[in-house]
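Reading through the structure tokens given below for one structure.
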Amino acid sequence: MSARLYGRDIGNGSLAMVTRGFREALESADLLEGFVALDRSGGSEEDDAPPGALARDGIFTGNLSHLGMMTQGARHERHWVTVTPNSTHVPPRLLDAILRLPNPRILSASAWGTGVILRALQAMGAWMISTDGVKASARFGTSPNTQVRVEIHTVRHGVSGFTPVPTGIPFHKPTIIDKTREDFHMGRHRVVHFSTTDGERKGTLELIKAWGMFLSTVNVRCDPELVLVLDHHARAALSDRMLDQAILMPERVRLLPRGDMDPKAMSSFLSEQHLVCCPSRGEGFSLLPLQARACGVPVATTITTGCSAGHCSGAGVVVIEQEPHLRPIDDGPGALAPVVNPERIASAIKVALGSWPTLSLAARAAAPQVTKDWSWQTQLAPLVKELR
């Protein structure tokens, strides 16, 4: 059996990372017949006619606005499309586009996401919904000639190329991690947060409020710093929200532009930080906490929505508790997501930095097992089994 993959090829953003993970697992299983790069002018990494147009399975991991590429000059028996909702909202027009594909199948990165997709399909008129926790299905229409059946498979994402930076050899030049440990004991504590969205879901504004609260509890001998790695849209949106709410930027905050770092460079950058903070309200999956854990770097994170898949829990992780109720979020009409409270973010940061030596050792000790358990080959094994 064979498959053709459609996805993003350029850069190191989440869509590109996911596409490379799928490609790695499919190649390892000797299933990949062709790859269509959605972000290259010719639609291919090599030429205008990539192989695999007649592969039995077409697998889509890119932006859903490019879904039409799956049917341009290709004839697949089955169409697999990755859908990762960040909230309770899934655009009906995108689901409708998937349902128009021959023999559609949806790939969800978490059981929570599968539930969101099923409820969205129900709202569109689906009936006879069934699920076993790993695979679900729904039907549209009552006539045998017009009936459409769609399957939803829960297939979690993975990690590749992220590794702990080695410690130094005594009496030799110290490595990054040695310097990070030295900085901590000197009171220079760094917390890093990433965002590439102009929406509310990353909890950046709540983190800003939490940082001010945290600073009020800091020992005068400490010199903590919050590093915000934001792209242009995220930075502009944060400025607008702070202006609207008359919030001033707290002290000891450093803003950095988003760098397009590959796994090796990102591993080094993460290893310079003492804590990765991910106070998200909504995530499709959230690769960053998993990448940090693979590097042996402590994480403070929420564990709801897509972060409930299990990759955000374990050694070296401090959980940011969330309110149990859902509230509106700017992710689409009627979208809801859990609430994240600044006080709880501040508390998690305080706990993480207060126990950092122990937390860091636990994170580094767990990193090899995290890398093994969450490899793309391991996580996509259920999909590979379906493709054979």
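Each value in this text was obtained by applying a stated rule to the coordinates, not by laboratory testing. What you are looking at is a predicted structure, and each value in this text was computed from that prediction instead of being measured. Glycine gets a Cβ as well: all are built from the backbone with ideal geometry, and neighbour counts include every protein chain shown.
Between their Cα atoms, which of 209/350; 209/264; 179/209; 135/385; 264/385; 202/350 are more than 23 Å away from each other?
Long pairs (Cα-Cα over 23 Å): 209/264; 179/209; 264/385.
Residue by residue through segment 81-87, which ³J(HN,Hα) values in whole Hz follow from phi under the Karplus form 6.51 cos²θ - 1.76 cosθ + 1.60 (θ = phi - 60°), with glycine and proline marked x?
Values, residue by residue: 10, 7, 10, 10, x, 9, 8 Hz.
With runs of 4+ DSSP H residues as the only contributors, calculate the mean residue ellipticity of the chain at 222 nm using -39,500 (n - 2.57) per run, divided by the residue total and rounded to the nearest 500.
-10000 deg cm²/dmol
Could you please state, rounded to a whole Å, how far the C-alpha centre of segment 192-206 is from the C-alpha centre of segment 1-29?
26 Å
When N counts the residues of segment 176-373, how does its alpha-carbon radius of gyration compare numerically with 2.2 N^0.38 Å, as a ratio?
It is 0.97.
Can you give the extra length, in nm with one decimal, that the chain gains between residue 219 and residue 53 once fully stretched, where that is 0.36 nm per residue apart less the Cα-Cα distance?
53.5 nm
Stokes-Einstein at 25 °C, 0.890 mPa s, Kirkwood radius from Cα pairs: D for segment 87-151 in µm² s⁻¹?
The estimated diffusion coefficient comes to 204 µm²/s.
Show me the helices of the chain, taken as full DSSP H stretches, that run 20 Å or more along their long axis by Cα and average 0.0 or above in Kyte-Doolittle hydropathy.
Length and hydropathy pass: 14-28.
Which ³J(HN,Hα) values, rounded to whole Hz and listed in residue order, are derived for segment 153-161 from phi using the Karplus coefficients 6.51, -1.76 and 1.60 in 6.51 cos²θ - 1.76 cosθ + 1.60 with θ = phi - 60°, glycine and proline given as x?
10, 8, 10, 6, 7, x, 9, 8, x
Test of understanding: express the Cα radius of gyration of segment 85-234 as a ratio to 2.2 N^0.38 Å, with N the residue count.
1.62
Please report Rg (one decimal) and Dmax (integer) in Å for the Cα set of the chain.
21.9, 77
Nearest 5 percent is fine: what portion of the DSSP beta bridges confined to segment 176-373 is antiparallel?
20 percent
Given H placed on each backbone N at 1.01 Å, which residues far from residue 36 in sequence or on other chains put an amide H within less than 5 Å of it?
5, 6, 7
Specify the residue with the greatest mean-square fluctuation among 158, 73, 314, computed from a Gaussian network of the chain linking alpha-carbon atoms under 10 Å apart.
73
Per the Debye formula with a single identical scatterer at each Cα and no solvent contribution, what log10 I(q)/I(0) holds for segment 197-254 at q = 0.23, 0.30 Å⁻¹?
Here the Debye-derived log intensity ratios amount to -0.95, -1.38.
Which Cys residues of the chain have no other Cys beta carbon under 4.7 Å away?
Lone cysteines by the Cβ rule: 222, 277, 278, 295.
Taking H as built 1.01 Å from N, whose amide H comes closer than 5 Å to the amide H of residue 190, not counting residues under 5 places away?
Placed amide hydrogens put 225, 274, 275 under 5 Å from residue 190.
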